[in-house]
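To start, the structure itself, in structure tokens.
The values are calculated or read from the model by the stated rules, or taken from the named source; none is laboratory data. It should be emphasised that the depicted structure is a prediction, and the values quoted were computed from it without experimental measurement. Backbone-built Cβ (ideal geometry, glycine too); neighbour counts: all protein chains shown.
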């Protein structure tokens, strides 16, 4: 979109030189008509109106291109931010898995300590009650 807008800007900038030729020709016609007693100043007014319209178009294209460049920058920043957020989510998922693993290791440790206590108790009881 920005490429098309820039192409239109270049095309409108390219119309400035032909407009100068039209302005010169209109001025010559107004002068020649004035020499013959005819008022042709409306030709000069029309060329001035055309120049104003071309300037307005050029300004609008400049504004639009600036807006499009800002939008493209915002989209790029959003994509970078989205990529960063995705990476953070992946890290968070791994982090959550790590915490789950730590919790499970804690539960396993409690189980193993309980199991070790039971084995010790059995060992002690086997000395006190060898017939069991």
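Numbers below:
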| item | result |
| --- | --- |
| Contacts under 6 angstrom Cβ, first residue in the stretch 28-40 being in a helix (DSSP H, G or I), partner surrounded by 14 or more Cβ atoms within 10 Å (Cβ to Cβ), 6 or more apart | 29/40; 29/43; 30/40; 30/43; 30/44; 33/40 |
| Considering residues of the stretch 1-27 that are farther than 30 Å from residue 71 by Cα and in contact (Cβ under 8 Å) with a residue 12 or more places away in the chain only, the residue surrounded by the most Cβ atoms within 10 Å (Cβ to Cβ) | 26 |
| Boolean, residue 9 is out of contact with any strand residue (DSSP E or B) (no Cβ under 7 Å at 6 or more places or on another chain) and modelled with pLDDT under 80 | no |
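Yes/no per residue for (1) modelled with pLDDT under 90; (2) over 48 Å from the mean Cα position of the chain (by Cα); (3) farther than 27 Å from residue 8 by Cβ:
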{"position": "22", "(1), (2), (3)": "no, no, no"}
{"position": "51", "(1), (2), (3)": "no, no, no"}
{"position": "57", "(1), (2), (3)": "no, no, no"}
{"position": "63", "(1), (2), (3)": "yes, no, no"}
{"position": "68", "(1), (2), (3)": "yes, no, no"}
{"position": "87", "(1), (2), (3)": "yes, no, yes"}
{"position": "120", "(1), (2), (3)": "yes, yes, yes"}
{"position": "126", "(1), (2), (3)": "yes, yes, yes"}
